[in-house]
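The values are calculated or read from the model by the stated rules, or taken from the named source; none is laboratory data. If you're wondering where the values come from, they're calculated on a predicted model, not measured in any experiment. Every residue, glycine as well, gets a Cβ built from its backbone with ideal geometry; the counts of neighbours run over all protein chains shown. Heavy atoms of the whole protein, side chains included, go into the accessibility calculation; ligands, DNA and RNA do not. Shrake-Rupley method; radii C 1.70, N 1.55, O 1.52, S 1.80 Å.
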Amino acid sequence: MADDAIIESRGLTKEFNGFVAVSDIDLEVRRGDIHALIGPNGAGKTTFFNLLTKFLVPTRGRIFFNGQDITAENPAEVARRGVVRSFQMSAVFPHLTVLENVRLGLQRTLGTSFHFWKPESSLRVLHARGMELLEAVDLGPYARMVAVELPYGRKRALELATTLAMDPQLMLLDEPTQGMGHEDVERITSLIRKVAHDRTVLMVEHNMSVVSTIADRITVLQRGQIIADGAYAEVSKNPLVIEAYMGSSDAELGGAH
């Protein structure tokens, strides 16, 4: 495993009753990068995420995190190492306030998530850190608002904050801008760049304008296999990638969603 790699897969393969969803993937995510995983629907992106976070057991292959083989570990063990997936750990509780949602994420790191008998006052120690995280994603003014009342784009920002509360080394973001209008996409893109300043991000994203703006490196999957890997300028001109997205090798991949 390369010294600058935070997570790496070797020969990672997943079969479902004879169907090969992910086939012999060798992928290396460098520490400190924003690494985008893209590809048409059915390319195997979500399956690959599920393998990395151990929600699926690989048919073959190995996974290394910080140089250690984590192939046999369960999802909780991998999360404790600092691999946190946005939907997995950052579900928004709609009837709690924005700040209370983030404090629950902070509680997980203390191992007191299910100490329901503890008085509310015992959580005040988490208040300052919770507010720091909310300010980091521009949600400070919304701290007392009930989460269900947040606009959709702000809910996704709250998910980012609750993911950050887990203090991840590696954040796996699954379609962070899906379903958003242009203004929200720009806001979330900016927030991802901001929170990635001192950590590594691996993200699945369909919006090519987002990928071209913030990704240091891009890996393209098609039919469960890697067909291209590199910087956006290089990958966007690859005939295999253009054909996968556009059905033709005659045009350059641009801002397609």
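Just to verify a result, which residue in the stretch 197-217, among those that are of a type in the set (Asp, Glu) and outside any helix (DSSP H, G or I), is modelled with the lowest pLDDT? Residue satisfying both the conditions and the ranking: Glu205. Cβ-Cβ distances below 6 Å connect the following pairs, each with a first residue in the stretch 223-241 that is at positive phi and touching a residue at least 24 places away in the same chain (Cβ under 8 Å), a second residue that is open to solvent by less than 40 Å² (accessible area, probe 1.4 Å) and small (Gly, Ala, Ser), and a separation of six or more residues or different chains: Gly224/Ala21; Gly224/Ser23; Gly224/Gly44.
A count restricted to the stretch 26-56 and to residues that are in a loop (DSSP other than H, G, I, E, B) and aromatic (Phe, Trp, Tyr) stands at 1. Is the stretch 181-195 home to any residue that is open to solvent by less than 50 Å² (accessible area, probe 1.4 Å) and touching a strand residue (DSSP E or B) at 6+ places or on another chain (Cβ under 9 Å)? Scanning the stretch 181-195 turns up at least one residue that is open to solvent by less than 50 Å² (accessible area, probe 1.4 Å) and touching a strand residue (DSSP E or B) at 6+ places or on another chain (Cβ under 9 Å). The condition of being surrounded by fewer than 21 Cβ atoms within 10 Å (Cβ to Cβ), of a type in the set (S, T, N, Q) and touching a residue at least 60 places away in the same chain (Cβ under 8 Å) holds for only one of Gln169, Gln178, that being Gln169.
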